[in-house]
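Here the structure comes first, spelled out in structure tokens, and everything after it is commentary.
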Amino acid sequence: MFEIRIHGRGGQGAVTAAELLSVAAFHEDRYAQAFPTFGSERTGAPVVSFCRIADQPIRIHEPIAEPDALVVQDPTLLHQVKVFDGVGPAAFVLVNTSRGFGELGIGEFLEGFDPRRLATVPATELAREHLGRPLPNAPLLGAFAALTGLVSLESVVRAITDRFPGQVGAANARAAEAGHAHVVHAQEPSRA
Amino acid sequence: MPSQLEGSLAVARTVARCRPQVVAAYPISPQTHIVEALSDMVRTGELAPCEYLMVESEFGAMSACIGASAAGARTYTATASQGLLFMAEAVFNASGLGLPIVMTVANRAIGAPINIWNDHSDAMALRDSGWFQLFAESNQDAVDLHVQAYRLAEELSLPVMVCMDGYVLTHAVERLELPTREQVDAFLPPFTPRQVLDPHDPVTIGAMVGPEAFTEVKYLMHAVQMRALDAVPRIAAEFEAAFGRRSGGLVRPYRTEDAETVVVALGSVLGTVETVVDEMRAEGVRIGALGITCFRPWPLQEVRDVLAGAQRVVIVEKAFAAGAGGIVGQNTRDALRGTPTVVYDVVAGLGGRPVTRRSLHRLFDEVLAERLDPAGLHFLDLNTGLVERELARMRNPRPGPHAESMLRDLGSVGAESH
Amino acid sequence: MAFQEVKLYQVGTYVAGNRLLDPERRTVQARTDRSNAITSGHRACQGCGEALGARFVLDAAMRATGGNMVAVNATGCLEVFSTPYPESSWQVPWLHSLFGNAPAVASGVAAALRAAGRADTRVVAQGGDGGTVDIGMGCLSGMFERGDDVLYVCYDNEGYMNTGVQRSGATPPAARTANTKPVGAEPGNPFGQGKSVPLIAMAHEIPYVATATVAELHDLEHKVEKAMTFHGPRYLHVFVPCPLGWGAASADTIRLARLAKESGLFPVFEAEHGEVTSVSRIRRQVPVEEYLAPQRRFAHLFTDPPRTDVVARIQARADRNITRFGLLQQGA
């Protein structure tokens, strides 16, 4: 079982992101579960969502305490919420930012991690470019697919366009592709 | 054909396929997605003919269902927590009038203090209301139980509560098999009530019944509840034959055949319990689990049959009777009367506190090492320091709620955020 | 022989009108084919205004709907005295659920009928003032607001009579009830409390609101029949004296209802979509004392020395109604 934890703020699509990931995995014939933690609906409040992907039916429903992958949709959460709780050095870490880990103040923490499992992506900027709105989850999903290989970009795009038909879906799909390309490009030197 | 769907949406689509003619609902977290989806389906005509009443309260919701059901319509509502309590008078009225209403309870804690997260205190508060109570272990279960619920309700002429853990199940997106319209139509015959409000054949429904007949009416309610002990398994078997999967039934044993220790639980926590059972079995511990699917009526004989051979039983439940002890625990002890089985009552998951594999491992290890006292009620993951300080403060008592009083101790307002 | 035009009023209990009227203009009650929706054998008190009101209203509703209707009843005197299990005096389909939910239950019945394609079957909900004004207010407002097709009838005897005459939101000022006794500084029910549900109903702008009393049979039946020509939420508020609760003679029920109107204390009017459309004017205004004196619930106002100050405040309320609704005939 692979467990992903997504940190965001209400209104950024963290919950939808987890859901779309689960749908992408479903399209690859795998079992997947997505769910959020809840407070009362409030834009801007910290939100955590979870996604589990496995090849067997998933029976547990507890929050993910030790994620195999961590996605941070909003870097302002880094020093406000304990996003790294339970995150071990083998984990994938993906942060929405146009800065580096060092600039974000988490460089030291990530030192023991496998650099091929770490990535940043300027998802908000990519979203603005492709969607005209600062909704980072589609680029992050594409980036996630590139970083982890857990789901294919194709499945991510399919999940997105199924959920958001027409122009909105197409734009989100392009944003996801851009996120994917960003990570692939950033990882190239280390894969050479 | 499987789908990847949110539990609430799956339940709404399934209920729609049961062809309710009147839906009356008032929104309350965490049930909102169910009733919103049904409202959409009525508006688009996907669910027709159906009248959707946007009532002014849960009391109004159940009352409208009572009127609709008495007038011959298949009806549906959903609620949780405070909403279930707000309609409590009408809940008893519905079962007393023998109306086959089906209601989803998206289990949520009851305040004060206000808490929107999952536990079973709402359903347990109305366990004696004369309604059938079914608890879903998974979203697939929840979907299937609603279909079976209409069969059960209309056969025995008593309403059914289908309980599913709020947020944990309602808001989880999972892989599910939705029953098709054709399958449900074949499984659920049209609703043909024995007495109905009809100008061509007027009847009086809801008369005052005095001491000379009230006992008999109530006895009959109990007798009908007990009949469900046969009806529930039969309907489950028919469901399996028609839909090709097992769900419903009275109880669900898991690796209990040679178990020395059996864990009893209701609802989604069973998934976690079964995972821990598997892990401990791999270490050679003879442990199993018993899921209770039908809580009312209480399947006493079935529970006894599974548990009587065990040395110890650990009940992990998401509600309790303040001042008395466990609720499922009490019912389980009833079933184990006269046996030497040791019973442990453990309350877990109150107000949405996650019940984790780690905590359960620790709990079961304690039980097996006989470090847990079978007498008394245990609270899993209790912050004993916090409560002891509050209890000490109470030695110089000034009345007031504990939640606010404890905050003085925490120093800073605002708990840690996850 | 010169023609003499005779005006027939309903005066006192000696009604000449029906015998001399065209059959078509007779009341439903005067017809042999009246439905007796609530038939004899119920256990109401002698002189019960509510039993009278229910019979008048439902027989008129049965005639207006061709017998195609369902009744929903709140808990209260009417429900209790009409259904002493295993007997029932109802000859219409009748449902009783709870005290505070009759409007919601009726909404559910109407929805079921609509879903079944049987919206031609009409729904009448009824309750006392307690079940309507207080505990049923939330459900009533919801039914109004949603536009549900229900006629709600409130039989107002100004108190929780079935439980022993306690005060309700419809109890008038100065009235004695079991929990507003004439002791202490203010005798009886306080001034400044209470609510007018007809006005609240009008604020919801529902198709039809009307008030009536059991003293004017033609008027009451006409309003029921008129209400049935509308669809959507309709509200009828019927003044029904309670001999036991009010400490009045059982033979005085109709007379007291007439006096309540003629004093101005109970305005009789109709409204549509929030606007008053007609008013039943006072024929011969009486001072409020004439209405209050025969009721022991106001006896403490007529002790030695009499509480003329309180009576004056009650008169002021009557005067306000008269002005507000235009209850006096022009030039009377």
Task: C-alpha center-to-center spacing [segment B:258-307, segment A:121-192] in angstrom - done: 44 Å
TODO: Report the accessible area of C:LYS226, computed with a 1.4 Å probe over the heavy atoms of all protein chains in place, in Å² rounded to the nearest 10.
DONE: 50 Å²
Open item on the list: At 1.4 Å probe size, put C:ASP134, A:ASP74 in order of accessible surface, largest to smallest.
Closed with: C:ASP134, A:ASP74
Open item on the list: Let me cross-check A:HIS61: its accessible surface, 1.4 Å probe, with only protein heavy atoms counted, in Å² to the nearest 10?
Closed with: 20 Å²
Open item on the list: What does the structure give for C:86-94 when I average, per residue, the other chain Cβ atoms found within 10 Å of the residue Cβ?
Closed with: 5
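Please give the total accessible area that chains A and B bury against each other, computed with a 1.4 Å probe and expressed in Å² to the nearest 100. Provide the component values of the computation, followed by the final result.
Values: alone 9430 and 19640 Å², together 26700 Å².
Buried area between the two chains comes out at roughly 2400 Å².
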Task: Separation of the B:ARG337 and A:ASP55 label points, Cα + 7 Å toward Cβ, nm - done: 5.1 nm
Open item on the list: Probe radius 1.4 Å, ligands and nucleic acids ignored: give me the carbon and sulfur share of the accessible area of chain A as a rounded percent.
Closed with: 51 percent
Open item on the list: At 0.36 nm per residue, and after removing the present C-alpha to C-alpha distance, how many nm does the segment from C:SER250 to C:ARG284 gain when stretched out fully?
Closed with: 9.9 nm
TODO: Select from segment A:101-181 those chymotrypsin sites (Phe, Trp or Tyr not before Pro) which occupy a DSSP coil region and have at most 10 other Cβ atoms within 10 Å, ordered by residue number.
DONE: none
- [ ] Would you mind getting me the FRET efficiency between B:ALA324 and A:MET1? Use the beta-carbon distance for r and R0 = 45 Å, nearest 0.05.
- [x] 0.70
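Nearest 20 debye, what's the magnitude of the dipole of the protein assembly as shown about its Cα centre given +1 on Lys and Arg Cβ and -1 on Asp and Glu Cβ?
Computed about the Cα centre, the dipole is about 2280 debye.
When ligands, DNA and RNA are left out and all protein chains stay put, how many square angstrom of accessible area per residue does the protein assembly as shown have with a 1.4 Å probe?
42 Å²
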Open item on the list: Test of understanding: what is the full-extension gain from C:HIS273 to C:HIS231, defined as 0.36 nm times their sequence separation minus their Cα-Cα distance?
Closed with: 13.9 nm
Task: Distance (nanometres) between label positions extended 7 Å along Cα→Cβ at C:GLU145 and C:HIS222 - done: 3.5 nm
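Ranked by accessible surface with a 1.4 Å probe, highest first, in what order do C:MET69, B:MET226 come?
Greatest to least solvent exposure: B:MET226, C:MET69.
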Open item on the list: Inside 10 Å of the C-beta atoms of B:121-130, what's the mean count of C-beta atoms belonging to other chains?
Closed with: 0
Open item on the list: Just want to confirm a number: the relative contact order over chain B, from Cα pairs under 8 angstrom separated by 6+ residues, in percent.
Closed with: 14 percent
Task: Cβ neighbours within 10 Å from other chains - mean over B:47-59 - done: 5
Open item on the list: Keeping all protein chains in the complex and leaving out DNA, RNA and ligands, what accessible area do you get for B:ILE28 with a 1.4 Å probe, in Å² to the nearest 10?
Closed with: 20 Å²
Task: Within segment B:62-101, backbone nitrogen closer than 15 Å to the virtual label 7 Å beyond the Cα of B:THR215 toward Cβ - done: none
TODO: With the full set of protein chains in place, find how many percent of the accessible area of segment B:80-215 is carbon and sulfur; take the probe as 1.4 Å.
DONE: 58 percent
Open item on the list: List the residues of segment B:171-206 for which accessible area in the full set of protein chains is at least 30 Å² lower than for the chain on its own; 1.4 Å probe, protein heavy atoms only.
Closed with: B:HIS171, B:VAL173, B:GLU174, B:ARG175, B:LEU197, B:PRO199, B:PRO202, B:THR204, B:ILE205, B:GLY206
Open item on the list: Heavy atoms only, 1.4 Å probe, whole protein assembly: order B:HIS222, B:HIS120 by accessible area, highest first.
Closed with: B:HIS222, B:HIS120
Task: Length-normalised contact order for segment B:224-299 - Cα pairs under 8 Å, 6+ apart - percent - done: 37 percent
TODO: Whole Å is fine, so just give me how far the alpha carbon centre of segment C:253-332 lies from that of segment C:80-132.
DONE: 32 Å
TODO: Report, to the nearest 10°, how far helix B:357-368 tilts away from the longest principal axis of the Cα atoms in chain B, using its own Cα long axis and a range of 0 to 90°.
DONE: 60 degrees
Open item on the list: Can you classify the protein assembly as shown as rounded, prolate or oblate using the Cα gyration tensor, where a ≥ b ≥ c are the square roots of its eigenvalues, rounded means a/c under 1.5, and otherwise it's prolate if a/b beats b/c and oblate if not?
Closed with: prolate
Task: Cα-projected label distance for B:GLU46 with B:ASP373, points at 7 Å along beta-carbon direction, nm - done: 5.5 nm
Task: segment B:368-397 and segment A:1-47: distance between their alpha carbon centers, rounded to Å - done: 36 Å
Open item on the list: Starting from 0.36 nm per residue, how many nanometres of slack lie between B:ARG227 and B:HIS402 once their C-alpha separation is accounted for?
Closed with: 58.6 nm
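Provide the percentage of antiparallel DSSP beta bridges, counting only those with both residues in segment C:8-150; round to the nearest 5. Display every interim value, and only then the final one.
Numbers: 1 of 9 bridges.
The antiparallel fraction comes to roughly 10 percent.
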TODO: Starting with the highest mean, order C:22-28, C:121-127 by the number of other Cβ atoms within 10 Å, averaged over the residues of each peptide.
DONE: C:121-127, C:22-28
Task: Between B and C, accessible area buried - total, square angstrom, nearest 100, 1.4 angstrom probe - done: 2800 Å²
Task: FRET efficiency, 1/(1 + (r/R0)^6) with R0 25 Å, evaluated for B:ARG362 and B:LEU391 via beta carbons - done: 0.55
TODO: Within 10 Å, count the other beta carbons around each residue, average over each peptide in B:252-258, B:160-166, A:163-169, B:293-299, and list them highest first.
DONE: B:160-166, B:293-299, B:252-258, A:163-169
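The values are calculated or read from the model by the stated rules, or taken from the named source; none is laboratory data. Keep in mind that what you see is a predicted model, and the values were worked out from it rather than measured. No Cβ is skipped: glycine too gets one built from the backbone with ideal geometry, and neighbour counts run over all protein chains shown. Only protein heavy atoms, including side chains, enter the accessible area calculation; ligands, DNA and RNA are left aside. Shrake-Rupley method; radii C 1.70, N 1.55, O 1.52, S 1.80 Å.
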